[in-house]
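Right, one structure below, let's go through it.
The values are calculated or read from the model by the stated rules, or taken from the named source; none is laboratory data. Just so we're clear, the structure is a prediction, and the values are computed from it rather than from any experiment. All Cβ positions, glycine included, derive from the backbone under ideal geometry; neighbour counts span all protein chains shown.
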Amino acid sequence: MKRALITGITGQDGSYLTEFLLGKGYEVHGVLRRSSSTNIDRLRHVYTSPQNTAGRLKLHYGDLNDSSSLDKILDQSRPDEVYNLAAQSHVRVSFEQPIYTVDVDALGTLRLLEAVRRQNPTIRFYQASSSEMYGKVRETPQDENTPFAPRSPYGCAKAYSYWQVVNYRESYGLFACNGILFNHESPRRGENFVTRKITRAATRIKLGLQDKLFLGNLDAKRDWGFAGDYVEAMWRMLQQPEAEDFVVATGECYSVKDFLDATFERLDLDWKSHVEIDPWYLRPAEVDLLLGNAAKAREKLGWEPRTGFAELVGMMVDHDLELAREEKAVQDFRAEGADEGPS
Ligand code: NAP
Ligand code: G4F
């Protein structure tokens, strides 16, 4: 049985990758950050799912900022493959916490690469690199040869990690790959990323639970795919005969306004009556346009996205409408109880 170690297992991608690897028969180990409130919501269903036969999912407390915990977890889990998905992954937050972001997203990768190199250099290593490294883009679409021009502390930290992965491959012969993933979303996306923020708010507006949605730059364009499709590309990279870097993208580009149109139309609403611009959500420097060319992944990995933009929006809206209905039912129940008064 193959063993994988995933950092960032509690995040959006970590949860989809866990399901995918369990489905492939892997034993899956994950790094869990200690938190005062629960952070395993995206994984809870996996524990009881038919995929988790014989308790093949195992979590270990640790942190990318703590080398000793990484050494200990590598020793305990003895993985064949390591997927480094952990990061402070929010671009705007990285302007507020640049040093912390660099510590996790840049030095954290280096700590893990060093631990792998010293403990077992035959481990195959996947690094969650990002299209955010293209920043103020030098060409469109962007592929594996497009130069980086990052525009945020997050983008700079990811570019540092990208180059360390290349260096560990070239210097020490590590099987280490960068997946340069363009934006990917899902019903499990964090609620402060723009797509999920929109689908959560629009569905709550539909049910009268809120009226306004405050956003920043509506003209930014992104290449949005479905996270469930993208984790398969990560795995495929580590099954290749040689370690290489790959762009993973849909090759289609939409603006934040397009995302608003698609979401609100699905709910028979007009976003212009509800959306207001709040400068708080603007960034000191913006990445205006990202559009990926995933031809290399198509040719060498046999990978293609399966989910189109409209389907992605539909999946997220339907999921969040259900959440809003549950919230409304609780609210209505409480209101009825209040009318009745004490019995
Ligand atoms: P996410 O939902 O924000 O998940 C981030 C994960 O990292 C969480 O499990 C988080 O743990 C963990 N983490 C944060 N700081 C950590 C630390 N110091 N030590 C250990 N774990 C830590 O992100 P995602 O969307 O799944 O993205 C996965 C990776 O791909 C990230 O590296 C991201 O930067 C990169 N990426 C994402 C996209 C995208 O569009 N989604 C595109 C390109 C690259 P908690 O649950 O405890 O917070
Ligand atoms: O959803 P976003 O926060 O994603 P962003 O900045 O593109 O970063 C995501 O994708 C990267 C890959 O390119 C990942 F590496 C990274 O970890 C993350 O997953 O913002 C998308 C766009 C931006 O241009 C932003 O300015 O939406 C714009 N936007 C407009 N109003 C907003 C908002 N973004 C957020 N988060 N919140 C707003 O209210």
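The table below lists the values:
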read-out	value
Region 129-160, residues that are among the charged types (D, E, K, R), more than 20 Å from Ala243 (Cα to Cα) and either buried (at least 20 other Cβ atoms within 10 Å of the Cβ) or within 13 Å of ligand 2 (Cβ to nearest atom) (or both)	Glu132, Lys136, Arg151
Test: Leu312 is in contact with a Gly (Cβ under 8 Å, 6 or more places away or on another chain) and surrounded by 14 or more Cβ atoms within 10 Å (Cβ to Cβ)	yes
All helices (runs of 4 or more DSSP H) inside region 193-305 with 1 or more residues being farther than 14 Å from Ser131 by Cβ, out of contact with any strand residue (DSSP E or B) (no Cβ under 7 Å at 6 or more places or on another chain) and not assigned by TED's automatic domain parsing to the domain that holds Ile180	194-206, 256-266
Unmet requirement for Trp163, which otherwise passes all of (1) over 22 Å from Thr250 (Cα atoms); (2) among the hydrophobic types (A, V, I, L, M, F, W, C); (3) within 15 Å of ligand 1 (Cβ to nearest atom); (4) under 21 Å from the mean Cα position of the chain (by Cα)	(3)
Any hit, region 193-210, residues being touching a Leu at 6+ places or on another chain (Cβ under 6 Å) and closer than 24 Å to Tyr160 by Cα	no
